[in-house]
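Trainee: Questions regarding the structure given below will be posed in turn.
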Amino acid sequence: MSNTRHSKVLIIGSGPAGYTAAVYSARAMLAPVLVQGLQPGGQLTITTEVENWPGDTQVQGPDLMVRMQDHATAMGAEIISDYITALDLSNRPFVASADSGMTYTADAIILATGAQAKWLGLPSEEKFKGFGVSACATCDGFFYRGKEVVVIGGGNTAVEEALFLTNFASKVTLVHRRDSLRAEKIMQDRLFKNPKVSVLWNHDVVDILGDDNPPGVTAVRVRNVHSGAEQDIPCAGFFVAIGHTPATQLVADQLELHNGGYVKVKAGTTHTSIEGVFAAGDLTDHVYRQAVTSAGMGCMAALDAERFLAEQN
């Protein structure tokens, strides 16, 4: 049996961007192959309730991704459980090597490998993910109406998250390990003027406290970076806002990147710096990072790939 598989379109990644790209490229009769990667379904598989997906008042993140996969399969896309370990974009057809030993070649590639939130690495953080610990205020802020929350970070992301959360929370405590923020000055001014916000300087979060049944956060434990003194801050939600890391390992030395490692695309399109390679979703989006915008970019990538292939023919 051959260990090489060719397709017109190879989609790498299986979040909303990847599955939507698969739906549209399958409908265009391009017979796409989608390789899911290490985390089939992407970041939504570690999210519980999703309340901002159009058409669903509330849906479980993993259930939504199963539906997307089923939709892509029903349209004719081939979904493969594998992991791309190397990608050669120097010549067409492009060549992707997989962990299984299979080699995939393609006339066009859609990259939808996403991004991962940076975490503190605490065991309790992992324990309460989806149960009071979040890395997306836009996704989960609604659940904390009238409650106290804590945000950790000092850059634009942290300040944006804290300000957004003031729309719901009764109090927002921003914890930062230094004595000044890295965020833009205009954003800092908005933060400091907001009566709901309290900033705790020179502190790190060392533990998240909570209940087991039902699971939920009740407080975070912080430590003064100078004195070592610890204290507990009561809260119902803890938001980690120390940045995101786009999953660009496969293309970091091949495609043009910007804004800290995100794949750069031509404005208004999903075209990357290499003809025939397209990027969609959180891999290229350092501004919105929402499931619905990722899905929209997946649609764009499929249409861009379809037009590219038609021009080649």
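The values are calculated or read from the model by the stated rules, or taken from the named source; none is laboratory data. Because the structure is a prediction, the values reported are computed rather than measured. Using ideal geometry, Cβ is built from the backbone for each residue, glycine included, and neighbour counts are taken over all protein chains shown.
Trainee: Among the candidates 218, 245, single out the residue that is touching an Asp or Glu at 6+ places or on another chain (Cβ under 7 Å), in a strand (DSSP E or B) and surrounded by fewer than 17 Cβ atoms within 10 Å (Cβ to Cβ).
Mentor: On the way: 245 fails: touching an Asp or Glu at 6+ places or on another chain (Cβ under 7 Å).
Criteria check complete, one pass: 218.
Trainee: Counting only residues that are modelled with pLDDT of 85 or more, of a type in the set (Ser, Thr, Tyr) and outside any helix (DSSP H, G or I), which one in the range 31-88 is farthest from residue 283 (Cα to Cα)?
Mentor: Only one residue tops the list, namely 57.
Trainee: Please go through (1) in the same structural domain as residue 293 (by TED's automatic domain parsing); (2) in contact with a Leu (Cβ under 9 Å, 6 or more places away or on another chain) for residue 91 and return the number of the only condition it doesn't satisfy.
Mentor: With (1) in the same structural domain as residue 293 (by TED's automatic domain parsing); (2) in contact with a Leu (Cβ under 9 Å, 6 or more places away or on another chain) applied to residue 91, the lone miss is (2).
Trainee: Also: Identify, from the list 30, 34, 38, 64, the residue that is of a type outside the set (Ser, Thr, Tyr) and buried (at least 24 other Cβ atoms within 10 Å of the Cβ).
Mentor: Values: 30 fails: buried (at least 24 other Cβ atoms within 10 Å of the Cβ); 38 fails: buried (at least 24 other Cβ atoms within 10 Å of the Cβ); 64 fails: buried (at least 24 other Cβ atoms within 10 Å of the Cβ).
Exactly one residue qualifies, and that residue is 34.
Trainee: Among the residues of the range 107-129, is any in contact with a helix residue (DSSP H, G or I) (Cβ under 8 Å, 6 or more places away or on another chain), more than 30 Å from residue 34 (Cα to Cα), among the hydrophobic types (A, V, I, L, M, F, W, C) and buried (at least 17 other Cβ atoms within 10 Å of the Cβ)?
Mentor: Checked the range 107-129: no residue is in contact with a helix residue (DSSP H, G or I) (Cβ under 8 Å, 6 or more places away or on another chain), more than 30 Å from residue 34 (Cα to Cα), among the hydrophobic types (A, V, I, L, M, F, W, C) and buried (at least 17 other Cβ atoms within 10 Å of the Cβ).
Trainee: Check 206, 149, 159 and return the single one that is buried (at least 23 other Cβ atoms within 10 Å of the Cβ) and at pLDDT 95 or above.
Mentor: Within the list 206, 149, 159, the selection yields 149.
Trainee: Of all residues in the range 30-69 being touching a Lys or Arg at 6+ places or on another chain (Cβ under 8 Å) and among the hydrophobic types (A, V, I, L, M, F, W, C), which is farthest from residue 111 (Cα to Cα)? Don't jump to the end; show me each part of the working.
Mentor: Of the residues in the range 30-69, the ones touching a Lys or Arg at 6+ places or on another chain (Cβ under 8 Å) are 30-33, 46.
Going one step further and asking which of them are among the hydrophobic types (A, V, I, L, M, F, W, C), we end up with 30-31, 33, 46.
Numbers: 30: 16, 31: 16, 33: 12, 46: 21 Å.
Here the residue is 46.
Trainee: Does the range 120-138 contain at least one residue that is part of a helix (DSSP H, G or I) and more than 30 Å from residue 217 (Cα to Cα)?
Mentor: From the range 120-138, those part of a helix (DSSP H, G or I) are 123-127, 137-138; that's our starting set.
Pick out the ones that are also more than 30 Å from residue 217 (Cα to Cα) and you get none.
No: zero hits.
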